[in-house]
Amino acid sequence: MFIQTEATPNPATLKFLPGRSVMPEGTLDIRDPRAAGRSPLARRLFAVDGVTGVFYGSDIVTVTKRDGDWQHLKPAVLGAIMEHFLSGDALFDDASAAAAAGEEDAEEFFEPSDAPTVATIKELLETRVRPAVAGDGGDITFKGFRDGIVYLTMKGSCSGCPSSTATLKHGIQNLLRHFLPDVREVQAV
């Protein structure tokens, strides 16, 4: 098994491409070992000293480290990912855990009168923003819209990335303002 790695804009994260499907639908951002309990792969990764976050995308695993050099941490992370996929273990312990993985994005907030604006925001995020962000090992999802402010959740390499503010303010905010005059600002939740 050959696992490719790619750097991300966030120096604390590294993207691992195992060459097979990881998360068939959606994404999942696991930010602490307690939340890793439902996923054998996440448990293996959090067992590596220095790992502070795990993100699953359709065909990627993004790992965030606390500190230190990737040169020392990368072999252990590669070993944990390889061990998982060669073992044949599922990504989650059971179907209910897999179903629960998608529920973290379920609660959105906006006024019913803003539904057309929200639909356009979601479409722009889905077609123009998320593909680019996924290429960097992360994800951005819609959380809410109120008083002209779009609230987004940043995951994977986007969470805590030094360039995330620039991405939000200069990239996404300008894009949404261009198409939707109702949008005044974009904020991370």
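The values are calculated or read from the model by the stated rules, or taken from the named source; none is laboratory data. The structure displayed is predicted, hence computed values, not measured ones. Here the Cβ positions follow ideal geometry from the backbone for every residue, glycine too, while neighbour counts run over all protein chains shown. We work out accessible area using only protein heavy atoms, side chains counted, and drop any ligands, DNA or RNA first. Shrake-Rupley method; radii C 1.70, N 1.55, O 1.52, S 1.80 Å.
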Pairs, first closer than 14 Å to Phe142 by Cα in the range 107-121, second open to solvent by 80 Å² or more (accessible area, probe 1.4 Å) and in a helix (DSSP H, G or I), C-beta under 7 Å, six or more apart: Thr120/Phe179
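So which of Ile3, Ile81 ends up being among the hydrophobic types (A, V, I, L, M, F, W, C) and open to solvent by 10 Å² or more (accessible area, probe 1.4 Å)?
Working: Ile81 fails: open to solvent by 10 Å² or more (accessible area, probe 1.4 Å).
Result of the check over Ile3, Ile81: Ile3.
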Criterion violated by Pro24 - all others in (1) within 15 Å of the chain's Cα centre (by Cα); (2) modelled with pLDDT of 95 or more satisfied: (2)
Which listed residue is open to solvent by 20 Å² or more (accessible area, probe 1.4 Å) and free of Cβ contacts under 8 Å to residues at least 12 places away in the same chain, from Thr127, Thr153: Thr127
Matching residues in the range 90-117 - criterion: being over 21 Å from the mean Cα position of the chain (by Cα) and at pLDDT 90 or above: Phe110, Glu111, Pro112, Ser113, Asp114, Ala115, Pro116, Thr117
Residues of the range 6-39 classified as under 20 Å from Arg66 (Cβ atoms), in a loop (DSSP other than H, G, I, E, B) and open to solvent by less than 80 Å² (accessible area, probe 1.4 Å), total: 6
Test: residue in the range 67-74 that is hydrophobic (A, V, I, L, M, F, W, C), surrounded by fewer than 17 Cβ atoms within 10 Å (Cβ to Cβ) and without any contact (Cβ under 8 Å) to a residue 40 or more places away in the chain: no
Leu180, sole failed condition from (1) surrounded by 14 or more Cβ atoms within 10 Å (Cβ to Cβ); (2) under 16 Å from Gly138 (Cβ atoms); (3) among the aliphatic types (A, V, I, L, M): (2)
